[in-house]
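A.B. asks: Encoded as structure tokens, here's the structure I'll be asking about.
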Amino acid sequence: MAEGRYEEPQFTSERIVTSSADDVERAAEAALRPKRLEEFVGQPVVRDQLSLVLQAAIARGAPPDHVLLSGPPGLGKTTLAMIIAGELNTSMRVTSGPAIQHAGDLAAVLSSLEEGEVLFIDEIHRLARPAEELLYVAMEDFRVDVIVGKGAGASAIPLALPPFTVVGATTRSGLLPAPLRDRFGFTGHLDFYDAADLERVIVRSAGLLGVEIQHAAAHEIAGRSRGTPRIANRLLRRVRDWAQVRGSGRLDLAAARAALEVYEVDPLGLDRLDRSVLDALCRRFGGGPVGLSTLAMTVGEEPDTVETVAEPYLVREGFVARTPRGRIATPLAWEHLGLAVPAAAYGATAGTLFEVADTAGNSEPS
């Protein structure tokens, strides 16, 4: 893009650096998932705490406390749920919050559980309220009340359930009602991975895929994976594809860089959408502040896409700051685009915290 000229970019809904996954992606991930806790890479605090919970339960010969796993997508919540079932040597029933819209849906699942079985509820914060209330009793008293009849003549028949363990996963733990959160005996929060742990994930996955990867290539992929194992494994598969089709078949540093250049993932893990947001902020709006709707229109995306897909990583890595008056570009954003940092950018960034404090409670412009 020439300096001073703006060209509207076009994006597809599929991003190689997205932390979400569809059914095809999950099928590809299944072969790479660790089966035991000692095989799970990273998250040392959660792993150690969960190990104690499971070992104690096995020693008592009883199901462990209910487990809540929270954190951003792609960090291993589903994998840990499967590991819990594997460590307990039991089966796992899988469902999700959006799939349970009525109390009867949940009652049907609960009544079919066997003793000691693990019930995994993904996106548990999206459970319908009637199902939540039914789950409270099931988790605490191991029973469900089956309603027979309608209106004034309806009656509740208690149905005893065998002891079981609920493993809930959520990306937004703040949306969980307090009564539901309190019924989990163990809560583990998964954080983004550092580069060293991601390298271990990549080397392990490469071995399972039957390819040999050089340390420098694993380091390069890890640095562009945005702290997320799911993205690291996806980039690894794309580098493998490039090496097989256009390279020598070896996963070396040259292959990693060439492949990631094809997929437009830069050394800091930013893709086309990320860079376009930064480019619009810096070149088109002089660093901001600019409202979300205006910014989204400029990059040719829906506001929700910019806010939920691109913005979290840009804010977390310090490229963009959110203020009550809109989004602003930090000096890091200007530097990443190879542009001279205006003096105003330092002042705007330094004043962001004070501005937010002074206008606490005000909503951001849309």
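The values are calculated or read from the model by the stated rules, or taken from the named source; none is laboratory data. What you see is a predicted model, and the numbers here were worked out from it, not measured in a lab. Please note: Cβ atoms are built from the backbone with ideal geometry, for glycine as well, and neighbour counts cover all protein chains shown. Note: accessible area is taken over every heavy atom of the protein model, side chains too, but ligands, DNA and RNA are not part of it. Shrake-Rupley method; radii C 1.70, N 1.55, O 1.52, S 1.80 Å.
A.B. asks: Calculate the radius of gyration of the Cα atoms of the range 60-180 to one decimal place, then report Dmax, the largest Cα-Cα distance, as a whole number, both in Å.
C.D. replies: That works out to 14.6, 49 Å for Rg and Dmax.
A.B. asks: In 10 Å bins starting at zero, report the fraction of Cα pairs in the range 136-292 per bin as a rounded %.
C.D. replies: Over the range 136-292, the share of Cα pairs per 10 Å bin runs 9, 24, 18, 18, 15, 11, 5, 0 percent.
A.B. asks: Just the number please: accessible area per residue for the range 140-275, 1.4 Å probe, all protein chains included, in Å².
C.D. replies: Solvent-accessible surface per residue comes out at 48 Å².
A.B. asks: Still on this model: Per the 1.4 Å probe, what fraction of the accessible area of the range 239-319, in percent, lies on carbon and sulfur atoms?
C.D. replies: It is 49 percent, rounded to a whole number.
A.B. asks: Ok, one more. Give me, ordered by chain and number, the residues 5 or more places off residue 168 or on other chains with an amide H under 5 Å from its own placed amide H.
C.D. replies: Under 5 Å from the amide H of residue 168 lie the amide H atoms of 67, 68, 69, 121, each far enough along the sequence or on another chain.
A.B. asks: How do 278-287, 67-76 rank on mean C-beta neighbours within 10 Å, highest first?
C.D. replies: Per-residue Cβ counts within 10 Å, averaged per peptide and sorted highest first, yield 67-76, 278-287.
A.B. asks: What is the extension gain from residue 137 to residue 48, computed as 0.36 nm multiplied by their sequence separation minus the C-alpha to C-alpha distance, in nm to one decimal?
C.D. replies: Going from the current span to full extension adds 29.1 nm.
A.B. asks: May I pose another question? Is the shape of the range 224-271 best called rounded, prolate or oblate, per the rule: a/c under 1.5 gives rounded, else a/b larger than b/c gives prolate, else oblate, with a ≥ b ≥ c the square roots of the Cα gyration tensor eigenvalues?
C.D. replies: Prolate shape, in that a/c is at least 1.5 and a/b is the bigger ratio.
A.B. asks: When the Kirkwood hydrodynamic radius is evaluated over all pairs of different C-alpha atoms of the range 257-310, what value in angstrom, to one decimal, is obtained?
C.D. replies: Here the Kirkwood hydrodynamic radius works out to 11.8 Å.
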